[in-house]
Every structure is written in structure tokens, then in C-alpha cells.
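The values are calculated or read from the model by the stated rules, or taken from the named source; none is laboratory data. Quick caveat, the model's predicted, so the values are computed rather than measured. Backbone-built Cβ (ideal geometry, glycine too); neighbour counts: all protein chains shown. The accessibility values were calculated without ligands, DNA or RNA, using every heavy atom of the protein model including side chains. Shrake-Rupley method; radii C 1.70, N 1.55, O 1.52, S 1.80 Å.
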Amino acid sequence: MLRLKVSDRQEITTLHSFLTLVFSIVTGMLAISLIFLISGANPLYAFAKIFTGSFGSIYGIKETITKAIPLILIGAGLAVAYKAKFWNIGAEGQLLLGAIFGTWVGLNLGESLPFYIIVPLMFLAGFIGGGLLGAIPAILKIRYSVNEVISTLMLNYICAEFLTFLIVGPWKGKTKFGFPYTDDLPESAILGVISGTRIHYFTLILGILSVLFLGFLLFKTRFGYEVRVIGENPNAAKYAGISFFRTLLIVMIISGGMAGLAGVGEVAGIHHYLSYPASISSGYGFTAIIVAWLAKLNPIYVIISGLFFAGILVGGDAIQISLNLPAATVFVFNGTLLVFLIMGDYFLKHRVKLQWSRT
Amino acid sequence: MEEIIVSVLQRTLVAGTPLLLGTIGEVLCERSGILNLGVEGVMSMGAVTAFIVTFATGSPWLGLAVAILAGMLISIVHAFASVTLQSNQVVSGLALTMLGLGISGLLGKPYIGTPLSVKMNTLPIPGLVDIPYIGRIFFDQSPFFYMAMVLAFIAWFILVHTSLGIKIRSTGENPRATETQGVNVSLVKYLCVIIGGGFSGMAGANLSISYSKSWIEGMTAGRGWIVVALTIFALWNPTRAVIGAFLFGGIFVLQYLIQPFGISPNLLAMLPYLATLVVLVAIGMRDSNKLNAPAMLGEPYKRGER
Amino acid sequence: MRKIEQLEMAGITKLFHGVPANKDINLSIRSGEILGLLGENGAGKTTLMNILYGLYQPDAGQVLINGKPVRISSPQESKMHGIGMVHQHFMLIESHSAMENICLGYDAAPLVFPKAKLKRQIIEFSRKFNFDVDLDKPIWQLSAGEQQRVEIIKALFNGADLLILDEPTSVLTPQEIKELFVILNKMKDEGHLIILISHKLDEIMELCDRVTVLQKGAIVGDAETKDVDKKILARMMIGRDVIFNIEREEIPSSDRVLSVDKVVVTSDKGIPVVSNISFDLYRNEIFGIAGVSGNGQKELVEAITGLRKIESGSIVLDDQEISNLSPRAIYDKGISHVPEERIKFGIAPGLFLYENAILKQHHLKKFASRLSLAYNTVKDHTRGLIESFQVHAPGISIPTKNLSGGNIQKLILGREIDDNPPVLVASHPTYGLDVGATEYLRKQLLKRRKEGGAVLLVSEDLEEIFELCDRVAVIFKGEFMGVLKADDPKLCDIGLMMAGSLRI
């Protein structure tokens, strides 16, 4: 009889880890092709479109970098939370609240302050906004053992409704001809871009610096050590006298705050005013979950995986238009790739052999 | 006034039915120890397939059957990842949600904005429907409501009063001990995840061919997540799920009820989500030992050999 | 009709990761016989029986029932052949009733209303063996002895002819052990086959007709118990004459370090499990707490180390009140802790060795500033630690879960005593370890004592208690039944004290 023999792999090399990753992505892409085929799109054409739309053209590369900015910021923040096994699915809402806080500062103080004061102030406000929203599920979990997946998700919906409430109600712009948008941010609150692109470099630099900082925080500091012990074995963390409340609260303020930064970047760098939640974020908060996962929860690797998924988003936009596919196509990519990453992980941790056995 | 109360209660049951269906499925699944966070995606799959099949064949019952099947099929992904691959159930549940939302978006794209000509009509129960007040509230409902009530009872009966139920609950409590009693733990878990997926598919069909008769992307609107919360509220008991689901149905109806009083519809739309948080906090204030959560919920189980 | 008259295991070999756990094992047992399977921890007894019960598949060899080879690839098939097993850690669903647990294991349970339909049958059945258990109570409310009876009913009710019992006495009081032996002898008289796994010579000699001795996965002896004595068996089991060459020199204990006064602690379920316990701990002393597990020792230890709040009473370390301080504060004041279930509590399994070597100490100045961890110092410290505490590891940058239990335990002990803390609390420090590691760890505890440390040792292993302790307290239902000097002749009655029927 032919049977599978599964055993634990004792040592895992970096090369092996990398090859498994590549293999997972390639097989995942094949599976996505299948889904395309079933829904009537030519997968080869689709992939060609995705590639030329993202990394294969100058325009594509510019757009990819633009979209990588929020993904890197959020992804790095999520990596920190997930390292502590705190499942923050609420980056979408944290981004929106960050955008709301940042916009408020920009609209109300922007006229009277020079850009070098107002821009940092907006980002600070955005960080506070996202961080506050991140703190809520942490407190709920520790004080009332509320499952963080549900609480962070519920807060997503709540923030989206709140933002819509603001733009159709009290914050509706006077210069927008009745559209549900806020007024434009004043000149000094708008981020500069690399000319000919939409790359708001201030946020990009901020993103890269914070990624490096988070990498250091997680792997070189006492705080990062405590985060990792909590994630690895909560019992041991309790035994070691690590404060769950303090640690998880800080983790979630960081995680939410990073998403808040991304929100400010999107408003001040791209849109210049607040509009519907779906156009401010277009699902960055969810895509970033896989960005963090693909990066093996290492903030430094998030730069690479963030660029990769930004490419998929941009390419996805391209095929949506040319193949008339819905916005949810990106979810197909994300979901399928995540499934294959999970499978890859299994084959990395286990040795699976087909064996003839006599019985 | 009486008229309004009767209609509000009737609509409460209508709004609560998909939540009840989803919650029964999730209760079964979690009782076997598997946390399925993919309900939102599976519901969406159910909604779109039910819609397409009903649209194409004109038969809502066929639509329902295909939706159940679709829900079961896509849930295999989660069963495979969490049982066979012993992966993190949070992550694979999220993958299932994305996959379900994505595929249903792809499949449903051509149908956006086209209403159904037929839908699952309400089925007044002859005789009973004439009882004053009660009849209009309980016995003038869509078949989904009756099915949900019966299934909640069946699910409770199976869990409490059958050998299979003992096996399911034991699996969620202590898979190793259950396995030594000769129970195929993996099979039980697969079964529960897949049947749970069928329930979510049914809930989705409820939305697209009965609650409304159209398909739009994101029409599940977080109901899948509310279901996960309701499962906790129900303390993993299908009969308590009935109370929870209709409580939340009431909140959905409440939104529309108090809208005329001048409160922004967007703020009212937050109600179900805020209520979910409030409910979870309220449960969290209770002694966690009295919650009876399956002891091994969400823990990957690695069988036998070391 | 008996399904098994005679059972044989022939040429059984089982490898784990290429390392043999059982090597070419042959044994046989016939109806009306009690066979002892003797060997120390890690000798491969449980592995062998798990093969017979269908949990593991052998790499070679076969099982023969009544002379015919049978295939046992799952517990289900094993049960069908008439084999039942009572595991050392009971395989019961804690939150379910005894009734539901029996139904779960019963193959012929009716599909609907199994509890209601089987109730009368099961009650009658338990009467036959004088089992007295409340079938409707959830398992966690039953005593260890009652739980074991549920396990036995479960196996027998399902028609087991051959009953395997894995270390059945380890959780029982001496009185309960006597009752168990009565039951087992009765079953034997009815023609059942019983295999008793044990590492205790006394019970093998008392109960078994024949004994098979395992050492490092292979059979090293096989005898009728009437032909051998304990000394011969011990030599077979260990492979040498002296079990341990530990010498405990007499040292007068000096100053008092820790004083526990009228401490009351409740369990997770809110029930008081430590009631009014008081004792003092002195330098140069090992103070042992003996007792069947589940009598409050775990909660007492957690209270002393800050992992659990006390309801009332006081705990004083060197004239400072430390009760209800945080675990970190208590550690800093000088109480270190070797926790029970080392992998569950003592380490973060996925983190590197050097990261686990500073668990609980990572906040100390020598390893960390306010912000960063001094990883170079940490690594040097780890190298020193594994050197001086004989931790065998291929390197310090490997996940700690890759180490064997003994090495993990040495790492934990080393970590905890390297700084010479005034008080060490050690819970079941040698549980499940092989002889070498056990001996090493016990010597380290004695070394601490000699150096002036005070050790609070919680153990179920009476041999360990007698070998190491200067004074022994016996705990039962959250109370001390007595505190005695190690040379007190009254310790002969420790069994009665453990059962709660004698208070000194």
C-alpha cells in the first residue's frame, strides 16, 4: 500500500525557507489561473496584463511603489502584533481613523502653520488616531477576554460608517458641489511627490525608517523579547513575570498607529481630501495581513513583500479594467496565495514522503 | 400601533434568520474544536451561487441546494488547512474569507444590478397564520425561517442526545482522549467544518434569494463576523443561538425604525457592530469558567506519533 | 465468550526519528494472568503498549491473538479485538460526565439517547465490580481514584479481555492502591488478562504472576515473580547494583529564610484548595512537600512564586512581606522557580536556546538596559550555563524545543540556580526524566543546599522525597497532615497521611 509518511523537520535552512516560499507563490499563481479559467478569463493574458501593469512598465513601477507605501507601513505594524499572536484584523479601520485625525489637523491648523510643522503634526495625529483604535481591542481582550479578531473587525465597520457620517454630514466640503467629500487640505498640508509620479516620498521615507525601527524593536530590545515570548508561550510569559497588559497595549498602539500613518499618507499624499472609505483605503488593511504573513512576520522583509503585493494590486487594477473584473479580484489573489503560503509552511516544517509499506 | 409592533417583530425574525443559520453552523464547527473565521466569505459564496442558479433556472430551491453545496465545498479549504495541515486557524479562516469574497465577486460581476424575477416566497402556514398577532409574526415567514428553527432544534438534539454529539463535543474538548476511544477525530472535524459551511451557504442564500432578491458585492455586510460573535454569545449552544440571532435581528430592524427621528443613517448603521462589542464585553465580565468554551477550540491537533 | 485466551507480541521494533524505542520485543500473556512490565522512565514500556493499543504502528513485528496474527492499526481495531487500556494520564473528557465518557468509548452505544438507554446497564455493571462512582458528575469533580475507576469501567464495559494499565498507582493514595489491587485480582480470577506497566518493584512483586523487564527499549529479563526478588529485578531494570549514589551529608539548617503563615488559596474554579497552610523554610535545608497531585501543591507553589493571588495569610521572605507581589518582584527578591510541566511553563519552545536561558532574567541589569538587550552578554552567559549544567545541545542558536526533556530541564534548573538564589522552589523537577538526568538534577539540588540555599521540593515521587529532604510535609486536600523530620520513624505512615486518614 502506498502511504504518506510525515515527520517533523528538525532543522530549517534559510535557503530551504526561501525556495518553499517561491514554490508556494508559483503554485498559488497556478491555482489563481484555474480560478480565472473557470470564470471565463484567459489566465495567460491576465498574468501578462498584471505583469506589464505592475513591474513591467515605468508607469506600473511608479504606481507599484505608490501602493507599496501603505502596505509597508501597515504590514510592519501587523507583523509586530502577530508576533505577539494578537490577531489584529482592524488595520482598515485604524487607517481610516488615522486619516480622519490627520485630516482634522490639516483642515483646521493647516492654513496658519508652515508645512514643516503641519506635516509632522498630521502624522502624529494619525498615529494617535490609529493607535487609540488599536488600543481598544487590546484592552477588551485583556480585561474582558473579547476575541480580538471580532473586535478589530467590528471596529472596521464602525470606522467606515463614522467616516461616511463625517463626509456626508458635519465635514462635508463647501467647495465640493454637494459631493460627499471634505474640502481640500491647505497647500502646506499636502505632501510633495516625486515629479511625474504619485509617490509621496515623505511617507515612503517614514515607512522605511519605521520598518527599520520596528525590526530593531522586535529583535534587539527587551520589549521585543517580551513580545516574542508572549507570542511563543503565554504560560511562560506569565511565569517570567511579563506584563500582558502593558506589552499588548503598546504592541497594539504601534500596530494601529502604523496603519494610522498610512491613512494620513493616503489623504495628504494622494487624495488631498477625505472621501468614501473604499476610495481612501481600497482594502490595504486586509492585503497587509498577507504582506506581514509573507514576510514571516519580520518587519524588515515587509519591504519586499509589500512591494510584491503592491504589484499585484496595481496589476489587479489593470486587469479589472481590461478584463472587466470586479474589485474583489484582489481578494482572490490574496486568499489563494495565503492558502498556498499555509501549505508551503507545512511542507517546510514537515518532511513528507510517499512510501511503500508492506501491510 | 399594534400594526407597527407586529410588523417590527415579524421583520426582526426575518433579519435574524440568516444570522441564526450561520450561527448553528459555526456552533457545530467550534464544538469540534475548529474556529472558522471564514463564515463571511462562505456566506458570500452561498449568496452568489444561490442567486445565479435561481436566476438561471427560475427555481429558488435549486438555488438553495447549490448554495449549500458551494458552502460545503469551499469550506473544505479550511478543513484541509486546519485539520490536515494543522495550520493556524485564524490565518486559514481569514484566507477562506478572502477567497469566498473574491470568488463570489468574480462569479457575481455580470449579475450586479439585475433583480430576480422569482424569489423564495413567504410560506404562510395554513391555520396557524390566522392566530391573532402570533400568526402574522411566526407563521407568515419564508421557508428559511422555519428551516432555521427546525435545524436549531436538530443541531441541539444531535449535540446533546446522540452518540455522534458526544463524539463531536469530546473532539472539541480533548481530541487525544477522543482518539484513544477509537473515534476518527479528523473525520469528525472535517464533517463539522463542512456541514458548518453548508449552514453558512444557506445563510447566504437566505440573503440573496429571500431577504433581498439581488446580488451586490459585500452584501453580507459583516454578518459572517457577527455570527462568530453570536456563537460565543450562544455559549456554543444552538438553542441559545436562537435568542442571540433574533436579538441581533431586532437591532438590524431598529436601525430603520429610529431613522425617522433624524439620526444619521450612518451612525445607526454602526448599531449591530457596536452591539456585538457590547455583547462580547458583557460575556467577558462573566466568570470565564462558566462559559463552557470547547477546551481545545482553535488548537491545532497533531495526532498520535511523537 | 472470551476473545483472547492468549496474546503474543513477536519481534516488535519501533523507531522514532531513526532511534529505536523498542527493539525486537517478544512477550506473551495468557488468560487469568497478570504480567508486569517493568522498566525505568524512558525504557519503552508505554511505547510498546501504545503499539498493542493501536496508537503507534510498529516498524517490524506482529501481534498474535490466540496464535493468529492480527492487524491493529487503530485503537478502534484494538478495542474490537478485546484490548482496553488505562493510560497514565487518563483519557477522559474533564468537563463531561462519567456517563458520557463511557458512552464515548462504547462501540455499541445507541445512536440516539445513548446516556438514557445505557444508564441502567452501566450501573449494574459497575456494581458487579463494586465500583462506586457518581456517573452524572463531571470528571473534574471526581478524585483521581474515581477517575481511574471510570477508565476501567469504560474498558471493561466495552468488552475488554486484556486490560493494560500504565503506571496505575502513580496518582493513588496507598488505600486506593489496595482497592485497585483487589479489583485487579478479581478480574484475574474471572479470566481477564492484565498487563501492568510500572517502575515500582513492590507492586510488581505483590500483584504480578510474571514480569518482563525492559531496559532502553529491549527486553533484558523475563521471570515468574515467585522465582525472583526485588534485588534481582532492580539489577535487571537498571543494569547495575546501586540505584543512585547520592550522598546526603548532614548539615545543620541555619537561619529562617521563608515563612509561610496561614495561607489560603483558591483554584481557577474559585474553590479553596490551600487552606491555612503554615511552614518555615531554613538555609541549608530541603523541605519536601509530598502528596498525591491535585491536593493543592500546584496552587501553593503558584502563590509563593507570585503566579496566583492568596486570599489570606502571609508569605515573608527575609522579614519582607512578599505575598501578592508580581512574579518578577518575587524573583528579584530571591525566590527562583523550576515549574512543573517544563515545556508548558518553563520555556518558549520556538525561541532560541540563548533566549530561553534568560527567561525571567531578561530585565536584569546585566542583560538589558532600559531599551535594548545585550545579546552578546546573553550568548556568553548561555554558553557558560550549558557548560556548567551539562546541557547537551548542538549549539545555542537552535529552537529550544529540539532539545530532549532532560536537557531542557537542566537548562531551566541552571537558569534558576546559577545566581545562587536564597530560595529555590522546584516542582516535580525529575518527572519523566531518565536515570542519568534525574541523578544529576538531584545532586544539583543537594549542592544548592550545601551552599546555603533553601529548597522547597514538591514531588509525588516518595523515593525522591526521602532521598533529598531534611523535613517532609504531607499535603492532603489543601492541608498539611503533618511536618516530619526525615529520620522520624513516623514517616512509615506517610501513606496514611497522603490518604488523609492520619494527621500528626
Cut-off 13 Å, label point 7 angstrom out along Cα-to-Cβ of C:Ile251: give me the residues of region C:431-469 whose amide nitrogen falls inside. C:443-456, C:469
Given C:Lys23/C:Lys188; C:Lys154/C:Lys178; C:Lys309/C:Lys344; C:Lys298/C:Lys443; C:Lys14/C:Lys186; C:Lys216/C:Lys401, which pairs have Cα atoms separated by over 25 Å? C:Lys23/C:Lys188; C:Lys14/C:Lys186
Only helices at least 24 Å long along their axis, Cα-based, and averaging 1.0 or more on Kyte-Doolittle count here, so list those DSSP H runs from chain A. A:14-38, A:58-83, A:91-109, A:115-144, A:148-168, A:201-220, A:244-266, A:302-323, A:329-349
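Just to be sure I understand: of the beta bridges DSSP finds with both ends in the protein assembly as shown, what percent are antiparallel, rounded to 5?
Values: 54 of 91 bridges.
Just about 60 percent of them are antiparallel.
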To the nearest 20 Debye, how big is the dipole of the protein assembly as shown about its Cα centre, given +1 on the beta carbon of each Lys and Arg and -1 on that of each Asp and Glu? 1980
Surface accessible to a 1.4 Å probe, B:Trp61 within the full protein complex, Å²: 130
Work out the charge dipole of the protein assembly as shown with +1 on the Cβ of Lys and Arg and -1 on the Cβ of Asp and Glu about the Cα centre, then indicate which of A:Thr203, B:Phe199, C:Ile195 is farthest towards its positive end. A:Thr203
Could you work out the pair-distance distribution P(r) of the protein assembly as shown from its alpha-carbon pairs, with 10 angstrom bin width and percents rounded to whole numbers? 2, 9, 16, 20, 20, 16, 10, 6, 2, 0, 0
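By Kyte-Doolittle mean hydropathy of at least 0.5 and Cα axial length of at least 24 Å, which whole DSSP H helices of chain B are selected? Let's see the in-between values first.
On the way: long enough: B:2-31 (41 Å, 0.84); B:39-57 (26 Å, 1.52); B:60-79 (28 Å, 1.94); B:89-108 (28 Å, 1.58); B:143-161 (26 Å, 2.02); B:185-206 (32 Å, 1.26); B:238-258 (30 Å, 1.55).
Length and hydropathy pass: B:2-31, B:39-57, B:60-79, B:89-108, B:143-161, B:185-206, B:238-258.
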Could you tell me the distance between the Cα centroids of region A:279-342 and region B:222-287, to the nearest Å? 31
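What's the whole-number percent of alpha carbon pairs in chain B lying beyond 33 angstrom?
Working: 10737 of 46665 pairs.
Cα-Cα pairs in chain B separated by more than 33 Å: 23 percent.
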Helix-derived [θ] at 222 nm for chain B: sum -39500 (n - 2.57) over DSSP H runs of at least 4, divide by residue count, nearest 500? -22000 deg cm²/dmol
Using a cut-off of 20 Å between alpha-carbon atoms, which aspartates and glutamates can reach A:Lys49, once sequence neighbours fewer than 8 places away in the same chain are excluded? A:Glu63, A:Asp317
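Quick one: if the Förster radius is 45 Å, what FRET efficiency do C:Glu206 and B:Tyr146 give, using the C-beta to C-beta distance and rounding to 0.05? Write out the running numbers ahead of the final one.
Values: r = 66 Å, r/R0 = 1.46.
After rounding to 0.05, the efficiency reads 0.10.
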If ligands, DNA and RNA are left out, what is the accessible area of B:Glu2 with a 1.4 Å probe, given in Å² to the nearest 10? 110
Of region C:88-108, those with amide N under 13 Å from the point 7 Å along the Cα→Cβ vector of B:Ile243 are none
Residue separation between C:Asp319 and C:Arg30 times 0.36 nm, minus their alpha-carbon distance, gives in nm 97.7 nm
If the cut-off is a Cα-Cα distance under 25 Å, which lysines reach B:Lys213, setting aside same-chain residues fewer than 8 apart in sequence? B:Lys109, B:Lys119
Largest first, what is the accessible-area ranking of C:Lys490, A:Lys174 with a 1.4 Å probe? A:Lys174, C:Lys490
Enumerate the whole-percent occupancy of each 10 Å bin, from 0 to the last occupied one, for all C-alpha pair distances of chain A. 6, 23, 31, 25, 12, 3, 1, 0, 0
Tell me the label-point distance for the pair C:Glu190, C:Gln88, using the 7 Å Cα-to-Cβ offset, in nm and rounded to one decimal. 2.8
Roughly how many nanometres apart are two label points built 7 Å out from the Cα toward the Cβ at C:Lys443 and B:Ile76? 6.0
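Charges only on Cβ, +1 for Lys and Arg, -1 for Asp and Glu: so what's the dipole of chain C about the Cα centre, in debye to the nearest 20? Don't jump to the answer; show the numbers that get you there.
Working: 61 positive and 68 negative charges, 230 e Å.
Taking the Cα centre of chain C as origin, the dipole is about 1100 debye.
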Counting only helical runs of four or more DSSP H residues, what would the 222 nm mean residue ellipticity of chain A come to if each run contributes -39,500 (n - 2.57) and the total is spread over all its residues? -24000 deg cm²/dmol
Heavy atoms of the protein only, probe of 1.4 Å, neighbouring chains included. What is the accessible area of C:Cys492 in Å², nearest 10? 110
Taking the Cα centre of chain A as the origin, how large is its charge dipole in debye, to the nearest 20, when only Lys and Arg (+1) and Asp and Glu (-1) carry charge on their Cβ atoms? 1320
Set the Förster radius R0 to 45 Å, insert the Cβ-Cβ distance between B:Asn121 and B:Leu235 as r into 1/(1 + (r/R0)^6), and round the FRET efficiency to 0.05. 0.80
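Quick one: compute the contact order of chain C, relative version, from alpha carbon pairs under 8 angstrom and 6+ residues apart, as a percent. List each step's numbers first, then the result.
Details: 972 pairs, mean separation 74.5, N = 504.
Relative contact order, chain C: 15 percent.
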For region B:39-142, what are the per-bin percents of Cα-Cα distances with bins 10 Å wide, up to the bin holding the maximum? 15, 32, 25, 20, 8, 1
Helix-derived [θ] at 222 nm for chain C: sum -39500 (n - 2.57) over DSSP H runs of at least 4, divide by residue count, nearest 500? -9000 deg cm²/dmol
Furthest towards positive pole of dipole, C:Ser293, C:Gln175, C:Leu233, structure part region C:173-319, Cβ charges: C:Leu233
Any idea what Rg and Dmax come out to for region C:6-238 if you just take the C-alpha atoms, in Å? 17.5, 55
Could you give the distance between the Cα centres of region A:125-181 and region A:183-244, to the whole Å? 20
Give the residues of region B:249-283 whose amide nitrogen is closer than 14 Å to a point set 7 Å from the Cα of B:Met1 in the direction of its Cβ. none
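What FRET efficiency would be calculated for the residue pair A:Phe47, B:Arg286, taking the C-beta separation as r and a Förster radius of 56 Å, to the nearest 0.05? Before the final figure, lay out each step's value.
Working: r = 52 Å, r/R0 = 0.94.
That gives a FRET efficiency of 0.60.
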Find how many whole Å separate the alpha carbon centroid of region C:276-349 from the alpha carbon centroid of region C:431-462. 17
C:Asp418 versus C:Asp132, label points 7 Å from Cα toward the beta carbon: distance in nm? 5.4
Dimensionless Rg over Rh [region C:1-133; C-alpha; Kirkwood]: 1.01
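Take every DSSP beta bridge with both residues inside chain C and express the antiparallel ones as a percent of the total, to the nearest 5.
On the way: 45 of 82 bridges.
Taking every DSSP beta bridge within chain C, about 55 percent pair in antiparallel fashion.
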